[in-house]
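Have a look at the structure below, then the notes.
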Amino acid sequence: DVSAKGSINWFLFACPCRISSHKNGVCEAGDFSSKSESELEGTKPAQTAFTLLSYDKASDTSLLLVKPDTGRMHQIRLHLQALGHPIANDHCYGGDLWFGDDEGQHACQNSRECLNMLDKGSSDAELTLSKAPATDEEVYQVVANKSREDGESMDEFIVKTCVWCARCRGLDGIHSLDGSADARRNNEEAVFRRTLMEYLVRSQGIWLHAL
């Protein structure tokens, strides 16, 4: 409770953080007492201060002012997840994707199911290309021996060497390219659908603003 007008009460939360996957940039916070000595390597203490600014009953969301006393990777997101109050739209750390948007959530689920069906033909039956991290082979195939050409913009070069763009372009063979206008149009539509689905199954930005 606020004891005096204009005063602010802070909730201080201390919980260690660690990077659980350097390759995928995934971190975790919690009780690591059961971890082995090698797994504990890189675990660091972390402390965050929170104060409530407002609460919206209709959406069951709170607006917080947050001050991290330490600077661990993804610290604010991890600590809010550990407290059971993840950041809206932060599906990597416990939040709901397309938070508060029923239509977006429905489109996301349909797109994920469709991508799962499209990607069942891969060597790994459980692989979902929309979520799976880039493999070393993919990175090599996309990036190897590719340099920026004269007159090529930076955006064009990034698209050319992007694994995710390559995955979408991988649909080029889904229709026979016999040179006809219909074949080109069908292929372009297939690539567009794939690109749109890839967009729908990714976070459109977590509700976190740095001051």
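Things to note:
- Within segment 183-196, the presence of a residue that is of a type in the set (A, V, I, L, M, F, W, C), closer than 30 Å to SER62 by Cβ and at pLDDT 80 or above is excluded.
- Subset of segment 8-60 [among the polar types (S, T, N, Q), closer than 30 Å to THR135 by Cβ and in contact (Cβ under 8 Å) with a residue 24 or more places away in the chain]: ASN24, THR43
- Summed over segment 26-73, residues that are in a strand (DSSP E or B), within 19 Å of ASN89 (Cβ to Cβ) and either among the charged types (D, E, K, R) or open to solvent by 80 Å² or more (accessible area, probe 1.4 Å) (or both) total 4.
- Residues that are hydroxyl-bearing (Ser, Thr, Tyr) and either at pLDDT 90 or above or open to solvent by 50 Å² or more (accessible area, probe 1.4 Å) (or both), drawn from segment 1-25: SER3, SER20
- Consider segment 108-167 and keep the residues that are assigned to a loop (DSSP other than H, G, I, E, B) and charged (D, E, K, R). The one that is modelled with the lowest pLDDT is GLU126.
The values are calculated or read from the model by the stated rules, or taken from the named source; none is laboratory data. Remember, it's a predicted structure, so these values are computed and weren't measured experimentally. Cβ sites come from the backbone with ideal geometry, for glycine too, and all protein chains shown count toward neighbours. Accessible surface is based on the protein model in full, side chains and every heavy atom, while ligands, DNA and RNA are left aside. Shrake-Rupley method; radii C 1.70, N 1.55, O 1.52, S 1.80 Å.
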